[in-house]
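**Q** Sharing a structure with you now.
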Amino acid sequence: MTARLLDPLDATVLPAPSLRRRMACFTYEGMILFGLGLIPGAVGALFVALTGQSHPLQSETALRVFAFVVYGVYFTYFWARRGQTLPMQTWHIRVVTLSGDRLSQPRALARYLVACLWFAPAALIATLNHWTRWDALAAVAIGVIAYALLALLHPQRQFWHDAICGTQLVDAKPQPRPKP
């Protein structure tokens, strides 16, 4: 059972946050993810310290998969629990279903997986061309900007992964309290 965060009629009336606010939130989210990305390294260092053997996450692919899982747990937990990550709270953005309900865990996971697909083209091109990390990072950054601009083509200015998953980003600015 999902908890209602918004009146269903209000969810369709509330505008999507501006693209500028969403990209600022995205940048802040990147800082949080940088910190979370240290977890695989910490797990590996702890493993080496305790066992004296090389850790199983020495492979770059294993580290990426582990980080992908850590990021997935982070996003799906907060999206399903509160509809917001810390950066989304800071920028007053909330993710809800089209009817204004809180996301279920499966829907939050689907949103995470579909949202990750927009990194795939740039990452694939960089891998196939054996680009350096900086070239690959530049390609991913260009892809992110291009994908963000595609939101301007959506009738409600939503990201396309939200349209595919039946979710939407809504403005969650606190309402002023009426004076007694």
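Where a number appears in this text, it was derived from the coordinates with a stated rule and is not lab data. None of the values given here were measured: they were computed from a predicted structure. Cβ: placed from backbone, ideal geometry, glycine included. Neighbour counts: every protein chain shown.
**Q** Quick check on the chain: what does the Kirkwood estimate of hydrodynamic radius come out to from the alpha carbon pairs, in Å?
**A** After inverting the mean inverse Cα-Cα distance, the result is 18.0 Å.
**Q** According to a simple spin-label model (label point 7 Å from Cα along Cα-to-Cβ), what is the distance in nm between Thr51 and Ile39?
**A** Distance between the two pseudo-spin positions: 2.0 nm.
**Q** Can I ask one more? Once the Cβ-Cβ distance between Ala62 and Leu128 is put in as r, and R0 is 35 Å, what FRET efficiency do you end up with, to the nearest 0.05?
**A** Efficiency for this residue pair is about 0.95.
**Q** A further question on this structure: Counting pairs of alpha carbon atoms under 8 Å apart in space and at least six apart in sequence, what relative contact order in percent does segment 8-171 give?
**A** Dividing the mean separation by the residue count of segment 8-171 yields 30 percent.
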